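Read the structure below first, then the notes.
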Amino acid sequence: MSAPTPDAAIPVPHGSARVHEPRRGDCPWCGSARLRNRLRTGDLRRHRPGLFTVDECRDCGHTFQNPRLTAEGLAFYRRAVRGAPRDPATERVLALHSARHRRRAAARAMLPFGEPESWLDVGTGLARFPQSAREYFPYTAFDGTDLTARVEQARALGRVEEAHIGSLTDPAVGARLAGRYDVVSLLHHLEHTTDPRAELHAALDALRPGGHLLIETLDPRCVFAALFGRWWLPYDQPRRLHLMPRRNLRAALEERGCTLVTGGHRAAHVPHDLAGLAALALSHALPAPDTPWRAIPPTPLQRRLRAVLLCAGTPLVVAAAAADLALAPLLRHTPFANAYRVIARKPGP
C-alpha cells in the first residue's frame, strides 16, 4: 500500500474509549468464543501512543486486533503526522521488496489466463500495481478503488481509467462496479479492512461470471510470527486488523462456488522477516525518538546519540536483509513463508 498523505490537522487521540471499540468475545470470522491472546504491543514502527492486543481464534486460527480501533483511531494511526518519527532502517526494509512482490510477481501470476478486458485493483492507492501490470497486459483497462483521494491522482497520472473513492463494501460503490470486471485484485488489502469477509464477497460481486479473483495476504501461521512475537514486522500494529489462515479464505471462496485455480506460499513470500526484526529491535534499543506527543522532548545530545547509533546499526540490518534473501528460496517451501497467494475463478461460463 502506498504511504498516506501528510495531515497536520489530525489530533492525537486521548483515552481508550475514543480509540478502541468494545472488546469482542467471539471470533469475527467463525463466531467461536474460544479465543486466546497472541500478543500485546505498542506501535513499534511509528512510535505512536497506545497499547494494542491481537487475539487468535482457537478453532479457525483467525487472528485479529481486539479491541479494534474506532474510525477515529484508524484515521490517526494510518495517516502521516507532521513531526512524527520514521525510522529509516525499518522503512527501507519495507520498501526493499514491496515493488517486486506486488507489482511484478502478482501481475505475472495472471499471465496463464490470457489478457483480461477489465481489471479492478482494490485499495490501489497511487495505482503503482496497475502501472506495472500494464507491462504484461497492455490492452487491459485498469480501474482502481481506494479510501483516499490518491486514486484520483492515479487517474490523473494515467495509471487507471476509472477512480472510485470509497470502500468496495459501500453500497454505492458496489452498485457501480457490480459484474464489470474479468479480474479483481486484493493485494495485501484484506488485512487492513474492518470486515474481510464482506470485502471478499464485494470483490466477487464485482467480477463477471468466470472472472478471476487474485488475492495476496499475510499468513498468521508463519513460524516467524510465533518465534518473533510482537517483533514480527508483518503484525504492524495497529494498522493491520485481520490475518487469515489460507484454509479460511479457501473455505469462504468455496462457499461462493468459486474454484481455486492456484494457491500457495512459494510466490508470495516476502523475504524481510529477519531484517524487520533487526530494524525494529535496533530502533527500540536506542534512546526514544522525538514525537509530537512527548511531554518532554529529548535533549540535543539524546537526538544526536540516536542518529549516530542508528547509522552504526545499519550494517546489522543489511546483514539480516542479506540472510533473508539467501534463505528465501528455501523458506518459500516451508511453514516459515509469511504470505500466500490465491487465485480463484468465479462460477460461470
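What follows is calculated from the coordinates using simple rules that are stated; it is not laboratory data. All values derive from a computational prediction rather than experimental measurement. A quick note on method: Cβ atoms are made from the backbone with ideal geometry, for glycine too, and the neighbour counts reach across all protein chains shown.
Count charges around residue 298 for me, please; just the other residues with Cβ under 14 Å from its Cβ, Lys/Arg as +1, Asp/Glu as -1.
On the way: positive: 294, 303, 304, 306; negative: 290.
Its environment carries a net charge of +3.
List the relative contact order of the range 144-232 as a percent without decimals, with contacts defined as Cα pairs under 8 Å and 6+ residues apart. Walk me through the numbers on the way to the answer.
Values: 108 pairs, mean separation 21.7, N = 89.
Averaging sequence separation for qualifying contacts and normalising by length gives 24 percent for the range 144-232.
Let me spell out the model: positive unit charges on the Cβ of Lys and Arg, negative unit charges on the Cβ of Asp and Glu, origin at the Cα centre of the chain. What dipole size does that give, in debye rounded to 20? Please report the intermediate quantities before stating the final value.
Values: 48 positive and 33 negative charges, 174 e Å.
Its charge dipole is roughly 840 debye.
Please list, by residue number, every one of the trypsin sites (Lys or Arg not before Pro) in the range 215-309 that is coil in DSSP and has at most 16 other beta-carbon atoms within 10 Å. Mind dumping the intermediate values first?
Numbers: sites: 221, 230, 239, 240, 246, 247, 250, 256, 266, 294, 303, 304, 306; in loops: 221, 239, 240, 256, 266, 294.
Passing sites in the range 215-309 are 256, 266, 294.
Quick one: net charge around residue 77, please, counting Lys, Arg +1 and Asp, Glu -1 for every other residue with C-beta under 9 Å from its C-beta. Mind showing how you got there, number by number?
On the way: positive: 46, 48, 78, 79, 239; negative: 43.
It works out to a net charge of +4.
When a footprinting reagent is the concern and you count Cβ atoms within 10 Å, what order do 244, 110 take, fewest first?
Details: 244 27, 110 21.
Ordered by Cβ neighbours within 10 Å, fewest first: 110, 244.
Among 50, 30, 61, pick out the residue whose Cα is farthest towards the positive end of the charge dipole of the range 18-78, where Lys and Arg carry +1 and Asp and Glu carry -1 on C-beta, about the Cα centre.
50
Does anyone have the angle between helix 300-331 and the longest principal axis of the chain? Alpha-carbon axes, 0 to 90°, nearest 10?
The helix 300-331 is inclined about 40 degrees to the chain.
Positive end of the dipole of the chain, charges at C-beta (+1 Lys, Arg; -1 Asp, Glu), about the Cα centre: which of 344, 318, 272 has its Cα farthest in that direction?
The residue sitting farthest along the positive end of the dipole is 318.
Tell me the GluC sites (Glu not before Pro) within the range 122-215 that lie in a loop according to DSSP and have at most 12 other beta-carbon atoms within 10 Å.
On the way: sites: 135, 152, 161, 162, 191, 199; in loops: 135, 161.
For GluC sites (Glu not before Pro) across the range 122-215 that sit outside H, G, I, E and B with at most 12 neighbouring Cβ atoms in 10 Å, the list reads 135.
Starting from the Cα-Cα distance between residue 311 and residue 325, subtract it from 0.36 nm times their residue separation and give me the gain in nm to one decimal. Kindly include the intermediate steps, with their values, before the conclusion.
Numbers: separation 14, 0.36 × 14 = 5.04 nm, distance 2.18 nm.
Contour length minus the Cα-Cα distance gives 2.9 nm.
If Lys and Arg each add +1 and Asp and Glu each add -1, what is the summed charge of the other residues whose beta carbon sits under 11 Å from the beta carbon of residue 209? Each step should come with its number before you reach the end.
Numbers: positive: 208, 345, 346; negative: 182.
In short, +2.
When you count, for each residue, the other Cβ atoms within 10 Å and take the mean per peptide, how do 205-216, 47-58 rank with the highest first? Provide the component values of the computation, followed by the final result.
On the way: 205-216: 21.0, 47-58: 18.8.
Top to bottom by mean Cβ count within 10 Å: 205-216, 47-58.
Quick check on the range 115-218: take the gyration tensor over C-alpha atoms, sort the square-rooted eigenvalues as a ≥ b ≥ c, and tell me if it's rounded (a/c under 1.5), prolate or oblate. Working shown, then result.
Numbers: a/c = 1.40, a/b = 1.18, b/c = 1.19.
Rounded is the answer for the range 115-218, as its axis ratio a/c remains below 1.5.
Across the range 193-204, in residue order, what do the Karplus-derived ³J(HN,Hα) couplings come to in whole Hz, using 6.51 cos²θ - 1.76 cosθ + 1.60 with θ = phi - 60° and x for Gly and Pro?
8, 6, 9, x, 5, 5, 5, 5, 5, 5, 5, 5
Of 213, 154, 194, which is farthest along the charge dipole of the range 115-218 in the positive direction, counting Lys and Arg as +1 and Asp and Glu as -1 at C-beta?
It is 154.
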